[in-house]
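The values are calculated or read from the model by the stated rules, or taken from the named source; none is laboratory data. Only a predicted model underlies this, so the values are computations on that prediction, with no experimental measurement involved. Cβ atoms come from the backbone with ideal geometry, glycine included; neighbour counts cover every protein chain shown.
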């Protein structure tokens, strides 16, 4: 890696995570509101988080374009650089993108290395999370994610965020809608990276069922909510058991985990 590539990617990482600025607005754990008299945001429901919580991506930031924190961005960089180094064929996808920061970072990595033959797929409802379908997915019973308006970020806003970094181009493809509707018909031939950030059992399982068969051997599965949302862990465990996946699951500092798809065993 050249110094220019390293410096660009470190700066891009800090920008999407808003760790380059030491402002208290992104340190709010909970909800904030603008005080019209002072022009500052104040905590409405929550408290000020610690720098470590922000670093690990354990808060919902007000300004940052991603909430996943630096260790999970480091993991994205490691996985993408490894598939480029090893020549693992396929595109990159993130399912559940919020403001788009992690997907923007993926596109930035490809740009930095001059890769022009891979797509970054940006899959989201752009309307938040679906209400739980407890009849079909009992492990989602009681899920409240669909009630959080903060998680509903429009396609227009995400596209605008890509533009802010000069990274909205023909290598970025958007899949708008619920995963159960968009992923089965997505015109994706091969994947090298699949990063699932769906929180719920249903959303995680949809990503695994429809995308894992397209993942090239040597490609990576990244599960954003692993060890943070129990239903997500259960979806991963159920899928791996059903498909006989035995590759070691490696934890990411703070939250999340990943594994590498092995080469098929000879018959």
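For residue 138, the stated conditions do not hold, so it cannot be described as more than 18 Å from residue 224 (Cβ to Cβ) and buried (at least 21 other Cβ atoms within 10 Å of the Cβ). One residue stands out among those in segment 231-267 that are in contact (Cβ under 8 Å) with a residue 40 or more places away in the chain and exposed (fewer than 15 other Cβ atoms within 10 Å of the Cβ): the one that is farthest from residue 68 (Cα to Cα), which is 264. Of note, residue 89 satisfies the criterion of being in contact (Cβ under 8 Å) with a residue 60 or more places away in the chain, surrounded by 15 or more Cβ atoms within 10 Å (Cβ to Cβ) and either over 14 Å from the mean Cα position of the chain (by Cα) or assigned to a loop (DSSP other than H, G, I, E, B) (or both). When 80, 76, 115, 97 are checked against the criterion of being buried (at least 18 other Cβ atoms within 10 Å of the Cβ) and either at pLDDT below 80 or farther than 20 Å from residue 18 by Cβ (or both), 80 stands alone in meeting it. No other residue among 85, 147, 136 is farther than 14 Å from residue 198 by Cβ and touching a helix residue (DSSP H, G or I) at 6+ places or on another chain (Cβ under 8 Å) apart from 136.
If the condition is being surrounded by 17 or more Cβ atoms within 10 Å (Cβ to Cβ) and without any contact (Cβ under 8 Å) to a residue 40 or more places away in the chain, then segment 156-183 contributes only 168. If the condition is being closer than 17 Å to residue 11 by Cβ, in a helix (DSSP H, G or I) and under 14 Å from the mean Cα position of the chain (by Cα), then segment 60-84 contributes 69, 70, 73, 74, 76, 77, 80.
Being out of contact with any strand residue (DSSP E or B) (no Cβ under 9 Å at 6 or more places or on another chain) and buried (at least 21 other Cβ atoms within 10 Å of the Cβ) is the filter; apply it to segment 118-135 and report the residue that is nearest to residue 72 (Cα to Cα). Selected residue: 129. Looking only at residues of segment 184-200 that are modelled with pLDDT of 95 or more and over 16 Å from residue 119 (Cβ atoms), we find that the one that is surrounded by the most Cβ atoms within 10 Å (Cβ to Cβ) is 196.
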